[in-house]
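Have a look at the structure below before the remarks.
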């Protein structure tokens, strides 16, 4: 059994007066791609936000064996967790290149950072064309690529992605999913992918979790979930 | 500093009011003339603070420039008395009317400004005003830098029920009467439709508008009414002090009113009284340490109150009273 | 004609001071959406610190640099200790805290240094530069100092990683956290810089208006007008606004309304901008979604 990069035990989280997650437990294997599925409002985005401590949580989160539930977002980032939030979170008034530079803000290895920037431009040639353009003027697909590239500039060990396919044309989505495959295999980045597009997510990921109203109802190999009747009916449309 | 409890404003603690009035009426005969003057000033400040409460507490619009309305009221009264020989008591309603109109007119463009921006516009008004009052082309009216000196009114009766009525005491009762009238007006406004509309606009502006409340009208009205209250206070203070000058109406006057409102508490009429007592007497006490001391105290208290007691003294008393079920006002 | 040129030049000189102060205001507004009503008093207090150093025998430019550092620290301390607790409080509470800060700084200055007017030295010679008739050495020097300051700031924000991080934190605090930026410290840094900029403005204007605790209130008003004219969330706009207001003030003061109503000009400018074009020349209009 491979080691677990991320372990979550009995996680409760929410906003102000409303609790959204009710005792979530999951394990993310190092080097794998795991997908978190569920309908709107199930709590998928809340889960990713909770892992980054963007909201208050109760419970235990272990990253590489270290408890992070008490840490601030900025410190968790420094441990190697990169989060591509829903809505992309690009810095609209800054240029594409400045967005990338911000991704490597916490890194001290200048030479490697420069190499990584070139690597990002090779993964996403369209970004290279628009390197000095204001990020807010990029198309939806390009902004998504920029958000992912920025996250990768951290050289993260764990990449959290919140609905990267949202609002994008199928061709672009295909491109993005291919990149995710590449970085997982070549750069050994562990990925936790939240997706509404269950079919594509289950094809890409090795493991899957299914979230319904703040509780996990199913987990296991994607292969198995793909065959599950309930999943097929509700999320795969057949 | 939000809202409160409309329900506790619904009934009057009659016993406390009557007792308070009795004390207020007996008071001037037991203290020195200077203290009587101070008590009158407290009452006039209280009227101004009711104006502030209506605008900031109920209508949720910030003003850092209410000193300007005090100036308008004061100068109106002074000019009417000095240049047109109008009796002092008649200047009060005139000043009230003028300030109501000016305040309403100022409220119209102010409608489009929220929060910080409105604070900025009113702050600018307060800072620019003294220079305007000193303007040489208006000197014929305002008396320029020297201001206007007024004749202090004499008491119309030598004595009341055998108690001697000098000028200070007479003016005290005059001020007390005006204060009562203004407080009654304020009370009715706050309790009535206007007050409820203002609270709705303050707390849920979009919902209020969609319920058919004419938001712009009410907000301008709030400005006008609060200017009226402050203007009356200004007119009274001009009569009491018997003098108006530009340097009495700097931005620091507006800040003093802000302090009084914060200390006294936002959503209450009694807060106005507590605040007025505070701003009248702290300078007297602290002045002995240093000229700058009262302001150091004001500044520190402003900040501390925002951390600890954002509802002011009246709010804290009400909260305490709720716990003890004593206070309902 | 020569007076006209001199008025314009003098306007540029004071405009540089307004531009600096307006920039300080915009820096804080951009990152926090608060208007720093105490900006003028911070600058005044810093100028008093400079005066104390100079009076103690410290050479002017050394005192200048020390004052920059001291005011930077003061700004950071104020943000961390006084402002941070009410960062997310209702607007009224925040405004009251700023006014409280204004009042405290003003009164402490009055307490320590008294209200008597003091002379503040200019580091520039008394003779006009190069024999030019339309500009004094102080005006020229002041323009140069503010230009250098603005250039340094521009370079800092545009070309350094820290400057980039500060811009990011001002725009989008959540995303900034996700790249590891300590947003809280970026705010403190912003305040420190704003205070330092304010101190330069104070030290450049003090020789002209003389040092006393209330010296900055009129100047702050002009800075507000400048920031609004340029656009309260546009640094470039604030700078341009500063020069516009400076020149306008002098021209109107000399030829139209006389020097006595200059503050009213600022007031009218503020109200006009706020009612007609609140975003100013270069700012963004904020649409509130219902």
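The values are calculated or read from the model by the stated rules, or taken from the named source; none is laboratory data. Quick caveat: nothing in here was measured; it's all calculated off a predicted structure. Methodologically, a virtual Cβ is constructed for each residue, glycine included, from the backbone with ideal geometry; neighbour enumeration extends over all protein chains shown.
Tabulated results
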quantity	calculated
Options A:41, A:70: the member that is assigned by TED's automatic domain parsing to the domain that holds residue A:201, part of a loop (DSSP other than H, G, I, E, B) and either modelled with pLDDT of 95 or more or within 21 Å of residue A:210 (Cβ to Cβ) (or both)	A:41
Selection from the stretch B:256-290 of residues that are in contact with a helix residue (DSSP H, G or I) (Cβ under 7 Å, 6 or more places away or on another chain), assigned to a loop (DSSP other than H, G, I, E, B) and within 10 Å of chain C (Cβ to nearest Cβ)	B:266, B:290
Criterion: surrounded by fewer than 24 Cβ atoms within 10 Å (Cβ to Cβ) and part of a helix (DSSP H, G or I) - qualifying residue of B:86, B:54, B:31, B:72	B:72
All positions within the stretch B:197-217 that are part of a helix (DSSP H, G or I) and either on the phi > 0 side of the Ramachandran plot or surrounded by fewer than 21 Cβ atoms within 10 Å (Cβ to Cβ) (or both)	B:200, B:202, B:203, B:205, B:206, B:207, B:208, B:209, B:210, B:215, B:216, B:217
Qualifying residue in the stretch C:222-229 (condition: assigned to a helix (DSSP H, G or I) and surrounded by fewer than 21 Cβ atoms within 10 Å (Cβ to Cβ))	no
All positions within the stretch A:94-111 that are assigned to a loop (DSSP other than H, G, I, E, B) and more than 16 Å from residue C:162 (Cβ to Cβ)	A:109
Complete set of residues in the stretch A:212-238 that are touching a residue at least 60 places away in the same chain (Cβ under 8 Å) and out of contact with any helix residue (DSSP H, G or I) (no Cβ under 6 Å at 6 or more places or on another chain)	A:212, A:213, A:214, A:215, A:216, A:219, A:234
Filter result for residue B:229 (out of contact with any strand residue (DSSP E or B) (no Cβ under 9 Å at 6 or more places or on another chain), in a helix (DSSP H, G or I) and surrounded by 23 or more Cβ atoms within 10 Å (Cβ to Cβ))	yes
Unique match (being more than 16 Å from the chain's Cα centre (by Cα) and either within 11 Å of another protein chain (Cβ to nearest Cβ) or at pLDDT below 85 (or both)) among B:84, B:113, B:64, B:105	B:113
Residue under evaluation residue A:188, criteria (1) over 26 Å from residue A:233 (Cβ atoms); (2) outside any loop (DSSP other than H, G, I, E, B); (3) modelled with pLDDT under 95, criterion not met	(2)
Matching entry among B:102, B:184 (being under 26 Å from residue B:201 (Cβ atoms), part of a helix (DSSP H, G or I) and free of Cβ contacts under 8 Å to residues at least 12 places away in the same chain)	B:184
Selected residue (only one of C:202, C:198 is over 30 Å from residue A:86 (Cα atoms), touching a strand residue (DSSP E or B) at 6+ places or on another chain (Cβ under 9 Å) and either in contact (Cβ under 8 Å) with a residue 24 or more places away in the chain or surrounded by 23 or more Cβ atoms within 10 Å (Cβ to Cβ) (or both))	C:202
Odd one out for residue A:41 among (1) on the phi > 0 side of the Ramachandran plot; (2) crowded, with 16+ Cβ neighbours inside 10 Å	(2)
